[in-house]
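Engineer: One structure is given below, represented as structure tokens, and several questions about it will come after.
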Amino acid sequence: QHNGYILGDSGYNEALVRTRVTVERSFGVLKRRFPCLSYGLRLEPEMACQVIIACVFLHNYGIERRDIMANMHDATDIDQPQADVIPANENGLRYRDIVAQRYF
């Protein structure tokens, strides 16, 4: 028995694809800005988490200060894979909105 929701309609699939691409782009920006993230951290998991948090903090701080690195989205982001998306039906969209309002 499964306790929870299974995201299965095409409306969810499209949202998940867009979210995944956005997250992957963000990781790419952080890896270009902080090479230690690109090469791999040879640290205990707890310390690695602290380094990643520090990198994200410094990146956001730089954006707030309008540093030159803030606009690092470039043409390499276009290379992200795109999934075939089937249009969602009306009921699926309505149910998605109800779940989003209730839980997010």
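Engineer: Compute the FRET efficiency between VAL23 and GLU44 as 1/(1 + (r/R0)^6), taking r as their Cβ-Cβ distance and R0 = 25 Å, and round to the nearest 0.05.
Structural biologist: Rounded to the nearest 0.05, the efficiency is 0.55.
Engineer: Compute, for TYR61, the solvent-accessible surface of its heavy atoms (probe 1.4 Å) with the complete set of protein chains present, and express it in square angstrom to the nearest 10.
Structural biologist: Accessible area of TYR61: about 100 Å².
The values are calculated or read from the model by the stated rules, or taken from the named source; none is laboratory data. Every value quoted in this text rests on a predicted model; they were computed, and no experiment measured them. Backbone-built Cβ (ideal geometry, glycine too); neighbour counts: all protein chains shown. We work out accessible area using only protein heavy atoms, side chains counted, and drop any ligands, DNA or RNA first. Shrake-Rupley method; radii C 1.70, N 1.55, O 1.52, S 1.80 Å.
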